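The values are calculated or read from the model by the stated rules, or taken from the named source; none is laboratory data. Values in this document were obtained by computation on a predicted structure and should not be read as measured data. Cβ coordinates were reconstructed from backbone atoms using ideal geometry, including for glycine residues, and neighbour counts include every protein chain displayed.
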Amino acid sequence: MSNKPNFFSSFATAVADLSGKPFTFVAALALVFVWAVSGPFFGYSETWQLVINTTTTIITFLMVFVLQNSQNRDGKALQAKLDELILTSQAANKFVGIEKLEEGELREMSKTLAEKAECVEEKADEKSAAEAASA
């Protein structure tokens with residue numbers, strides 16, 4: 001496995017970073033403003049409308065893939081970090097890789113963990129009550 005990111009990953013990261021900056025929003029807002037102000041000069045023609053429609057459609061279409069790539073990589077990196085924390089802690093190693101389970105299996109595991117958490121919470125409440133009574 002190569003540590004060198006491929007061109008698309010590097011490109012997607014750069015575009016995702018740039019698209020999330022306030023400057024990019026202001027630039028897009030300015031572009032829309034310029035387009036709107038130019039309407040009277042072009043007689044609000046169909047071509048004038050088509051310019052903004054086509055531009056925004058193409059940008060949106062391409063951004064879906066760029067941002068999805070970035071999000072997928074971020075998710076995988078986060079999952080790897082969580083797996084490492086699980087493996088180096090006293091947590092049950094059965095949680096490593098659970099993101100690959102089916103939806104039903106995840107729901108069942110979540111339900112089991114919630115029940116376990118309630119049990120632990122009840123024991124903690126009992127312990128607190130016992131300590132308060134003995135004080």
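Mind counting the residues in the range 93-135 that are part of a loop (DSSP other than H, G, I, E, B) and of a type in the set (Ser, Thr, Tyr)? Qualifying residue count, the range 93-135: 0.
Residues considered: 116, 123, 127, 111. Of these, the only one that is under 27 Å from the mean Cα position of the chain (by Cα) and among the charged types (D, E, K, R) is 111. Residue check: is residue 51 within 23 Å of the chain's Cα centre (by Cα) and among the β-branched types (Val, Ile, Thr)? So residue 51 fails the test. When the criteria are applied in full, residue 45 fails the requirement of being out of contact with any Phe, Trp or Tyr (no Cβ under 6 Å at 6 or more places or on another chain), at pLDDT below 90 and loosely packed, with under 12 Cβ neighbours inside 10 Å.
Every condition in (1) loosely packed, with under 11 Cβ neighbours inside 10 Å; (2) assigned to a helix (DSSP H, G or I); (3) of a type in the set (S, T, N, Q) is met by residue 90 except one, and the failing one is (2).
Just checking, does the range 22-37 include any residue being without any contact (Cβ under 8 Å) to a residue 40 or more places away in the chain and outside any helix (DSSP H, G or I)? Give the derivation first.
Going residue by residue through the range 22-37, those that are without any contact (Cβ under 8 Å) to a residue 40 or more places away in the chain are 22-37.
In the following step, the residues that additionally are outside any helix (DSSP H, G or I) were identified as none.
No, the range 22-37 has no match at all.
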